[in-house]
Amino acid sequence: MTKVYAAISNKGGAGKTTLVTLLAGEYALRGERVLLIDADGRLNLSGWWRLCHSKANVPENIDVTIAASRRALEMEIARLQKNSFDLVIIDAPGVDSTIQEAIIGSSQLVISPVQPGIKEIEAAGQAAASVAEINDRYGSQILHLNVRTRITVPGRNLEAYRYVRPFVVGLQQAGYQTALLSTELFERNIYRAIQNGLGTLQMQELSDPVRRARREVLTLVEEIEATRRAKITGDAA
Ligand SMILES: Nc1ncnc2c1ncn2[C@@H]1O[C@H](COP(=O)(O)OP(=O)(O)O)[C@@H](O)[C@H]1O
Ligand SMILES: [Mg+2]
């Protein structure tokens, strides 16, 4: 069955589109056939895709499509079984909307990027709550994970940074099924640069900064998959 993941945060600029392209590159490198769905009217993801084409940096094993409405999204999802993708990643809009509910409902895993800022942290909490509401309503078991992004070494001293963990613990204590990944995405120029049509991170020449970034994203994917497996085995037990 095709896996469906989504990046959700009602905060614009939280790091959703960046996260989606980084994950897509890593899964594609593993040989998975990845479909990215741009469900954000700002069309940043499909803009990146268009630039990749015009600069002849089209990644292998990745395709990108746009779903501008709830109905378009549901049609894309319905078509999936026929199209033999291994993984779909949906890039959500940065506002609460009816399409967001459809995105969450279509997913097995929702990931919220969290920058060390109070608005970003609150938006991740809101995403956890939206996932919980949909799980309650439909008896589903959609997993919600938070990943810290745009982290810097001095930034780790910020109050907002130190607030992320207790905030997620607070959500868990309140009964939300959510978790904080230990892998963090650092603030990296290469993450910004690839948005300019350079293809995926994994296509870049292996300079030291690219190597460090690749290691980080690989660790993130391994942690996501380990968390999913633990969840699935836990459910079966
Ligand atoms: N880890 C990161 N390092 C450096 N820049 C980042 C990182 N994550 C996001 N950005 C930059 O922050 C801005 C907003 O990120 P984006 O992924 O577009 O957020 P969203 O899709 O949630 O609106 C973009 O300019 C992007 O390049
Ligand atoms: Mg975006």
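The values are calculated or read from the model by the stated rules, or taken from the named source; none is laboratory data. Values in this document were obtained by computation on a predicted structure and should not be read as measured data. So basically every Cβ, Gly included, is an ideal-geometry build from the backbone, and we count neighbours across all protein chains shown. The area values use the complete protein model at the heavy-atom level, side chains included, leaving out ligands, DNA and RNA. Shrake-Rupley method; radii C 1.70, N 1.55, O 1.52, S 1.80 Å.
Computed from backbone phi, the HN-Hα couplings of the range 137-149 come to 5, 10, x, 8, 10, 6, 8, 10, 10, 10, 10, 6, 9 Hz, rounded to whole numbers (Karplus: 6.51 cos²θ - 1.76 cosθ + 1.60, θ = phi - 60°; Gly and Pro given as x).
With Cα atoms defining each centre, the range 1-48 and the range 136-180 are spaced 20 Å apart in the structure. The peptide list 101-112, 44-55, put in order of mean Cβ contacts within 10 Å with the highest first, becomes 101-112, 44-55.
Subtracting the Cα-Cα distance of residue 172 and residue 190 from 0.36 nm times their residue separation leaves 3.1 nm of extension gain. When Rg is the radius of gyration of the Cα atoms in the range 66-124 and Rh is its Kirkwood radius, what does Rg/Rh come to? Expressed as Rg/Rh, it is 1.03. Between the residues 103, 121, 232, the greatest Cα displacement towards the positive end of the dipole of the range 3-236, with unit charges on the Cβ of Lys, Arg, Asp and Glu, is found for 121.
Of all DSSP-defined beta bridges confined to the chain, some 0% are antiparallel rather than parallel. In this Cβ point-charge picture (+1 for Lys and Arg, -1 for Asp and Glu), the range 47-196 has a dipole of about 340 debye about its Cα centre. Taking 25 °C and 0.890 mPa s as the conditions, I'd like the Stokes-Einstein D for the range 1-102 in µm²/s, using the Kirkwood hydrodynamic radius from alpha carbon pairs. Result for D is 180 µm²/s. Among the listed pairs 55/231; 16/82; 11/82; 55/119, a Cα-Cα separation exceeding 30 Å is found for 55/231; 11/82; 55/119. Just check the range 145-237 against the gyration tensor rule for me: Cα atoms, a ≥ b ≥ c as the square roots of the eigenvalues, rounded for a/c under 1.5, and otherwise prolate or oblate depending on whether a/b exceeds b/c. Oblate shape, in that a/c is at least 1.5 and b/c is the bigger or equal ratio. Computed from label points 7 Å out along Cα-Cβ, the spacing between residue 152 and residue 80 is 3.8 nm. Positive end of the dipole of the range 1-60 (Cβ unit charges, origin at the Cα centre): among 44, 4, 34, the Cα lying farthest that way belongs to 44. Per residue, the chain exposes an accessible area of 47 Å² to a 1.4 Å probe, with every protein chain left in place. Solvent-accessible area of the range 3-236 (1.4 angstrom probe, protein heavy atoms only): carbon and sulfur portion equals 51 percent. With both labels modelled 7 Å from their Cα along Cα-to-Cβ, the residue 136 to residue 198 distance reads 4.4 nm. Report the far tail of the P(r) of the range 3-236, meaning the percent of Cα-Cα pairs longer than 22 Å. Of all Cα-Cα pairs in the range 3-236, 49 percent lie more than 22 Å apart.
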